[in-house]
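The values are calculated or read from the model by the stated rules, or taken from the named source; none is laboratory data. No experiment lies behind these values; they were computed from the predicted model shown. Here the Cβ positions follow ideal geometry from the backbone for every residue, glycine too, while neighbour counts run over all protein chains shown.
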Amino acid sequence: MINITFGETFEKVRECFEEFSIKDELESITIIRDVQGKIRLFLQPLKKNSNSEDNILDVDELEKSLVQKLGPYYGKDIWLPQGEKDGYKNLIDVICEERVPAEWDDESQPCWYVLERHVAKQAWTNQKEVKLPWSQQVVDEGHKPAIISFFSFKGGVGRTTTLVATALTLARHGYRVAIVDLDLESPGISNIFFPDREESFPGAIDYLLEKNIQGKNWKLSTHLQLVNDSRLLGDVEKSLPILSAGSVDNNYLEKLARLDCQNLLNFNNPLLKTWHDMFNELNKAAGKLDFILLDTRTGFHDIGGLAIADFSHAVVVFGTQSRQSWAGLTHVIRRLAKPLAPEPLPVLLIHALAPGLVVPGREQELRDFREKAYTVFQDNYYSENVPNSTDKEADFYPIVIDWQSELRREITLFERDYSPEEDSRLSDIIDVLTGKPYQQLAERICSIFQRKLNQKN
């Protein structure tokens, strides 16, 4: 019996090639792991060892070794190019286009590549660079807003609250901000700002579904809910547009069931263009924004992966000082490193639910979180030039948001009645949401995009 697991297959393949001199005759080795986890190989010989009609490589001994080491994980298939008359030429072209360098490849001969075949979670496993709704350059030049996702691996860490607080802080300093609720499985932004309403109100889910059907007849401008309360926004003469997820009515689940975000990057899915159109229309309808803040789904959800890695110019990531949190965040940080892109995606790390000022053990937990963050980013985010561990502007240096008793209940930023108690409640919440930690976060966001928080537009 061959004792092997999914996670060991790549190393076993490498062991097989170490046993034979065949690797010295190869230009590249591509490991193809199919949707079941089985291994196939595509081998490209050195040009001096191949011609258009026949290939002189003898793979019999290699195959025996693969059978012995991989057991049921070997797909019993080794492809060798056979020139222009090769019946698999088109398939080989696809392999060469979609494969990515293996993590262990050191650019020596032969080159190692990996091609993973998935049925889901492509937003989290895709390594190739995807075109953003608009480029970083036009953001830096001030022609388009910066899209910033707020993401947490685990729930209950104050992600949505922090997004709302950041939006209010930026708006109170004169920046033009919009909020988009992309937590389609658990929407809630609209409930924070507006009372319940009897009639349905369209949101992001309606745009994504209806736009492909109705085209130009479906306008995003009719989807926006505007916040104009000066108590929230200060003395600036601007509104805060909200694109909610949509009304959670009797049709909501049927709408949600028709959005395929698992294969969005695979099969020329028209939904990708619809996402991009949504952001462009939002910027146009809201009147030339500075920032678009996205509330995303918790965990390894497809929309969350798309938002942070393929829609955003920066990401706010929430974590707690726990093994459970860091186990997931490590993979998130690795995804945001974007190894095949010119630069990793800018990250703002939040140490969420940190102990309050008078809580015993606070300083030790803050120190432990900073040290763990530095190690995780050093190992998974930076390919070179790791900043100093004390650099407070570095991606790994956390912004601390304490657990706050004032926010333990449902947050509503509108008057539920006209009593003095209600007015006091609202004022207290606004004071908390525009307090020091959210000011720090807003300042760091502005710094990433060469802007100043204290400079009103």
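Just one of the listed residues (Glu421, Glu443) is in a helix (DSSP H, G or I) and loosely packed, with under 15 Cβ neighbours inside 10 Å, namely Glu421.
The set of residues in the stretch 178-197 being of a type in the set (Asp, Glu), surrounded by fewer than 22 Cβ atoms within 10 Å (Cβ to Cβ) and in contact (Cβ under 8 Å) with a residue 24 or more places away in the chain consists of Glu185 alone. Just one of the listed residues (Asp181, Asp140) is at pLDDT 95 or above, farther than 20 Å from Gln440 by Cα and not small (Gly, Ala, Ser), and it is Asp181. Within the option set Ser247, Ser200, being surrounded by 14 or more Cβ atoms within 10 Å (Cβ to Cβ) and within 28 Å of Ala123 (Cβ to Cβ) holds for one residue only, Ser247.
Go through the stretch 185-224 residue by residue and tally those that are of a type in the set (A, V, I, L, M, F, W, C), touching a Gly at 6+ places or on another chain (Cβ under 8 Å) and within 19 Å of Asp302 (Cβ to Cβ).
Within the stretch 185-224, the first condition is being of a type in the set (A, V, I, L, M, F, W, C), and the residues that meet it are 189, 192-194, 201, 204-205, 208-209, 213, 218, 220, 224.
Going one step further and asking which of them are touching a Gly at 6+ places or on another chain (Cβ under 8 Å), we end up with 201, 204-205.
Pick out the ones that are also within 19 Å of Asp302 (Cβ to Cβ) and you get 204-205.
Count: 2.
Residues that are assigned to a strand (DSSP E or B), farther than 26 Å from Leu306 by Cβ and among the charged types (D, E, K, R) do occur in the stretch 67-78, at least one of them.
Within the stretch 347-368, being assigned to a loop (DSSP other than H, G, I, E, B) and either modelled with pLDDT of 95 or more or surrounded by fewer than 13 Cβ atoms within 10 Å (Cβ to Cβ) (or both) holds for Gly356, Leu357, Val358, Val359, Pro360, Gly361. For the stretch 101-115, the candidate set comprises residues that are over 9 Å from Ile31 (Cβ atoms) and in a strand (DSSP E or B); within that set, the residue that is modelled with the highest pLDDT is Cys111.
State which residue is modelled with the highest pLDDT when the search covers only the stretch 65-85 and only residues that are farther than 16 Å from Arg40 by Cβ and surrounded by fewer than 17 Cβ atoms within 10 Å (Cβ to Cβ). Among them, the one singled out is Gln68.
The set of residues from the stretch 151-194 being assigned to a helix (DSSP H, G or I) and within 18 Å of the chain's Cα centre (by Cα) comprises Arg159, Thr160, Thr162, Leu163.
Looking across the stretch 312-341, the residues that are outside any loop (DSSP other than H, G, I, E, B) and closer than 12 Å to Phe150 by Cα come down to Ala314, Val315, Val316, Val317, Phe318, Gly319. I'd like to check something: does the stretch 211-228 contain any residue that is surrounded by fewer than 19 Cβ atoms within 10 Å (Cβ to Cβ), part of a loop (DSSP other than H, G, I, E, B) and among the hydroxyl-bearing types (Ser, Thr, Tyr)? Checked against the condition, which is being surrounded by fewer than 19 Cβ atoms within 10 Å (Cβ to Cβ), part of a loop (DSSP other than H, G, I, E, B) and among the hydroxyl-bearing types (Ser, Thr, Tyr), the stretch 211-228 yields no hits at all. When Ser230, Ser200 are checked against the criterion of being free of Cβ contacts under 8 Å to residues at least 60 places away in the same chain and either within 19 Å of Thr162 (Cβ to Cβ) or in contact with an Asp or Glu (Cβ under 7 Å, 6 or more places away or on another chain) (or both), Ser200 stands alone in meeting it.
Looking for something of a type outside the set (D, E, K, R) and either loosely packed, with under 12 Cβ neighbours inside 10 Å or not assigned by TED's automatic domain parsing to the domain that holds Ile333 (or both) - is there at least one such residue anywhere in the stretch 387-402? Scanning the stretch 387-402 turns up at least one residue that is of a type outside the set (D, E, K, R) and either loosely packed, with under 12 Cβ neighbours inside 10 Å or not assigned by TED's automatic domain parsing to the domain that holds Ile333 (or both). In the set Thr274, Thr330, Thr320, Thr298, only one residue is farther than 25 Å from Gly158 by Cβ and either in the same structural domain as Lys154 (by TED's automatic domain parsing) or not basic (Lys, Arg) (or both); that residue is Thr274.
Every condition in (1) surrounded by 12 or more Cβ atoms within 10 Å (Cβ to Cβ); (2) assigned to a loop (DSSP other than H, G, I, E, B) is met by Pro437 except one, and the failing one is (2). Within the stretch 385-403, not a single residue is at pLDDT below 95, out of contact with any Cys (no Cβ under 8 Å at 6 or more places or on another chain) and part of a helix (DSSP H, G or I).
Okay, residues lined up against (1) at pLDDT 90 or above; (2) aliphatic (A, V, I, L, M); (3) in the same structural domain as Val157 (by TED's automatic domain parsing):
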{"position": "Glu185", "(1), (2), (3)": "yes, no, yes"}
{"position": "Ile192", "(1), (2), (3)": "yes, yes, yes"}
{"position": "Phe201", "(1), (2), (3)": "no, no, yes"}
{"position": "Trp218", "(1), (2), (3)": "no, no, yes"}
{"position": "His223", "(1), (2), (3)": "no, no, yes"}
{"position": "Leu233", "(1), (2), (3)": "yes, yes, yes"}
{"position": "Pro241", "(1), (2), (3)": "yes, no, yes"}
{"position": "Asn268", "(1), (2), (3)": "no, no, yes"}
{"position": "Ile292", "(1), (2), (3)": "yes, yes, yes"}
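Does the stretch 421-443 contain at least one residue that is without any contact (Cβ under 8 Å) to a residue 60 or more places away in the chain, assigned by TED's automatic domain parsing to the domain that holds Arg176, touching a Leu at 6+ places or on another chain (Cβ under 9 Å) and under 28 Å from Lys144 (Cβ atoms)? So far as the stretch 421-443 goes, yes, one or more of its residues are without any contact (Cβ under 8 Å) to a residue 60 or more places away in the chain, assigned by TED's automatic domain parsing to the domain that holds Arg176, touching a Leu at 6+ places or on another chain (Cβ under 9 Å) and under 28 Å from Lys144 (Cβ atoms).
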